[in-house]
Structure formats: structure tokens, C-alpha cells
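The values are calculated or read from the model by the stated rules, or taken from the named source; none is laboratory data. What you see is a predicted model; the values in this text were computed from it and never measured. So basically every Cβ, Gly included, is an ideal-geometry build from the backbone, and we count neighbours across all protein chains shown. In case anyone asks, the SASA skips ligands and DNA or RNA and just uses the protein heavy atoms, side chains included. Shrake-Rupley method; radii C 1.70, N 1.55, O 1.52, S 1.80 Å.
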Amino acid sequence: MRVALCQVNSTDDVAANEAAVFALLEEAADGGADLAALPEVWPCQGSAAQMRAAAEPVPGPRTDRLCELARRHRMLVHGGSVMEISDGQRIFNTSVLIDRDGELIATYRKIHLFDADPPGAVPSRESFLFAAGDQVVSADTEFGRAGLSICYDVRFPELYRRLVVAGAVLLFVPASFRYETGVDHWDVLLCARAIEDQAFVIATAQWGTWGPPDRLRRTYGNSLVADPWGRVVVRAGDGVGVTFAELDLDEVRRVRQILPALRHRRLDPSC
């Protein structure tokens, strides 16, 4: 399975962000990707008002374009996350998964919202804009069952255990991870989820700075794939671009066979 991590640096310019992302998806397709994965909130990183203005229904015009590209290139697309407007009012941070036929096969609304004050950085208040989702979502693909999550979710291992109990062998973690926490926690958290759930973790991230000068924010980047043993298979460097990884899905079976921890669980079935 050939995976393309499409690392971007989204700002408040929606048209420029969309152009950059679709160019990277074309590059991923040209590179023979079976699956291309995008980061969190790629259509817009800006003020709450700007992100609300960029929100669309799901399905809607933005996801329709992703579906058309997936169908045209016969490539699975994990759409990172987009701003979804629901009922004409509520905004969700929503992840989508599209198959090679261009069908939207899974939609996940971010459950855990990042309201925190990273040291030395601008505070984050995701709940000011987004409503929280309440559904754990996974979907079957030709490569096995995929579990969906978004960024801050990675700090809540119970979500990933529920996904794996449901059969997931691929775990998506699109992110716009703050630099201040990413330098210490990004690799540790992603590799821990891979090790404890014995699954591939596919984490495409925003990179670089965004926002006005007096409220400048920096995202960590370092998009990566971790294998079921917790090894980093590939890591994106600094900057915008596509990073390819070759995944051997039999590695999930091998790891679960030699270290059958998932069969040794003694607590609640979701733990």
C-alpha cells in the first residue's frame, strides 16, 4: 500500500489553500499513491469568523471536488478535516474518507476539542467555534478497516481502543498540532497509539506559521506514519510537500501474532 502524506501550511486564504491542496493531491496521484491523506482544517486557518465563513455542508462542493479527484485517479483520499456547517448554524471539525470510486464512505466529527493554554503561546479555544461530535467512526476499505480521529483526539487512548475493537488496522490522525506541545508529545503520542493498538497510524499535519503578527501561531509539521511496532516508517521534513510511504499491511497480523496483547485484555471490551 503506497501512502502519500500531503503536508500543507494553510492560512486564511481559502482559495490559495484549496489550490495548494489539490496540487499536492495531483502530485500524490502522479506518484502512484493508493491513498492520499490531508491534514486538519486544510481549507482555512484563521479567525473563528473566517473559519466559519469557510464552512460548507458535508457532503458539499468541497468534498464533492475531493470525490471527483479520487474517482478520476482511482485513489483513496483521506480528506484530513474540513469545517462542516450543519443545520445552517453548528460548525463541526469533520474528517472524511473517500474510496477509489469517489464515494464518501465515512464522516467523523471531532470529539475532543482543544481548549488549552500552551506555555508561551496564544491560547486555543476550539469550543468557541466547533461543536463536539459524539460518534466513533470506522469504515472498511480494500486495505482493511480504517479508524478516524483528529489531532487532539490522540491524547485519548480509549477512542483508539474502541476503533481497534471494531476491527481497525489503520488509524488516521490528521492534525494542526501546536509547535509548543509537538516538540515533546507528537512522536510519543502517535507511536504509543500504534504500539498499544498494533495498527498503522497515518498522521498528516499542518506545518509552519499562520495568523496575524500579534497572534501568530506555529504548527509542528512532522507528518508521519508509525507501524504496529511503533517505528516511524516515514517522516515529512519542513515545508509543504508530499511524502510517500510503503506499508506492508501483513505487519499488523505479524505483530498481533507475536505479541497478542489485544487478546489479553481483561477489562471492559473497549479498554
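Show me the helices (runs of 4 or more DSSP H) entirely contained within segment 10-73 in which 1 or more residues are touching a Cys at 6+ places or on another chain (Cβ under 8 Å).
Details: elements: 14-30, 48-53, 61-73.
Per the criteria, 14-30, 48-53.
Going by the conditions given, is residue 100 open to solvent by 30 Å² or more (accessible area, probe 1.4 Å), touching a strand residue (DSSP E or B) at 6+ places or on another chain (Cβ under 7 Å) and farther than 30 Å from residue 246 by Cβ? For residue 100, the condition - open to solvent by 30 Å² or more (accessible area, probe 1.4 Å), touching a strand residue (DSSP E or B) at 6+ places or on another chain (Cβ under 7 Å) and farther than 30 Å from residue 246 by Cβ - is not met. Scanning segment 175-200 for residues that are in contact with a strand residue (DSSP E or B) (Cβ under 6 Å, 6 or more places away or on another chain) and not hydrophobic (A, V, I, L, M, F, W, C), we see that the one that is farthest from residue 10 (Cα to Cα) is 193. Tell me whether segment 119-134 contains one or more residues that are open to solvent by less than 70 Å² (accessible area, probe 1.4 Å), farther than 21 Å from residue 46 by Cα and out of contact with any Gly (no Cβ under 7 Å at 6 or more places or on another chain). Yes, that holds for at least one residue.
Take segment 243-271 and flag every residue that is under 17 Å from residue 1 (Cβ atoms) and open to solvent by less than 30 Å² (accessible area, probe 1.4 Å). Within segment 243-271, 243, 245, 247, 252, 255 meet the criteria. Against the test of being outside any helix (DSSP H, G or I) and either modelled with pLDDT under 95 or farther than 21 Å from residue 79 by Cβ (or both), the options 271, 191 yield a single qualifying residue, 271. Being aromatic (Phe, Trp, Tyr), out of contact with any helix residue (DSSP H, G or I) (no Cβ under 6 Å at 6 or more places or on another chain), over 21 Å from residue 1 (Cβ atoms) and open to solvent by 30 Å² or more (accessible area, probe 1.4 Å) is a description that applies to residue 179.
Restricted to segment 187-202, and to residues that are free of Cβ contacts under 8 Å to residues at least 60 places away in the same chain and open to solvent by less than 10 Å² (accessible area, probe 1.4 Å), which residue is nearest to residue 122 (Cα to Cα)?
Kept after step one, since they are free of Cβ contacts under 8 Å to residues at least 60 places away in the same chain, are these residues of segment 187-202: 187-195, 199-201.
From the residues that got through so far, the ones that are open to solvent by less than 10 Å² (accessible area, probe 1.4 Å) too are 190, 194, 199-201.
Working: 190: 24, 194: 30, 199: 34, 200: 32, 201: 28 Å.
Looking at the filtered set, the residue picked out is 190.
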